[in-house]
Amino acid sequence: MNSEEIAILFRKEMRKDFEYYFKVLNKLSGKSVKDIYWNSAQELYNSISEKNKENLKIFIQLIITEVTTNMFSFVDGIATFNELEGPLELYCNGIKVGGSIEEYLRIFFEEEGF
């Protein structure tokens, strides 16, 4: 598996999770939830207009995109931690992969959106 294929898999998973969380928020509308984080998220989501719900989704997509690509920059060797003696490496079936995952994710997001 190469960097492009891995980027495709992660992007697919990010989209799936993103859609899941907003589906849950819509399902929970008006219901009491015991989890304080879900309660806070639901309270915020229910308090804003439909336009701002869309703006919130765009903002969350931006955060997901930036955090994920930044994390992959470490795996790809673009960025390093001062505390580590060597680079982080990603292996798939015993074969080192990476080097361009961050780049492919950025290209996909720029060309096709989230």
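The values are calculated or read from the model by the stated rules, or taken from the named source; none is laboratory data. Here the structure is a predicted model, which means the values were calculated and not measured. Neighbour counts are summed over all protein chains in view; Cβ atoms, including those assigned to glycine, are modelled from backbone coordinates with ideal geometry. These accessible areas exclude ligands, DNA and RNA; they are computed on the full protein's heavy atoms, side chains included. Shrake-Rupley method; radii C 1.70, N 1.55, O 1.52, S 1.80 Å.
Details
- Enumeration of residues in the stretch 1-40 that are closer than 30 Å to GLY99 by Cβ, polar (S, T, N, Q) and open to solvent by 70 Å² or more (accessible area, probe 1.4 Å): ASN2
- Residue within the stretch 70-93 that is of a type in the set (S, T, N, Q), assigned to a helix (DSSP H, G or I) and surrounded by 13 or more Cβ atoms within 10 Å (Cβ to Cβ) present: yes
- A Cβ distance below 7 Å, combined with a sequence gap of six or more or placement on separate chains, defines the contacts here; from the stretch 8-37, residues that are more than 24 Å from PHE108 (Cα to Cα) reach no residue that is modelled with pLDDT under 85.
- Subset of the stretch 48-68 that is within 14 Å of ARG106 (Cβ to Cβ) and without any contact (Cβ under 8 Å) to a residue 40 or more places away in the chain - its residue that is most open to solvent (accessible area, probe 1.4 Å): LEU62
- Sole residue being at pLDDT 95 or above and assigned to a helix (DSSP H, G or I), chosen from LEU56, LEU25, LEU62, LEU105: LEU56
- Filter pass, GLU43 being among the acidic types (Asp, Glu), open to solvent by 80 Å² or more (accessible area, probe 1.4 Å), over 28 Å from VAL75 (Cβ atoms) and not in a loop (DSSP other than H, G, I, E, B): yes
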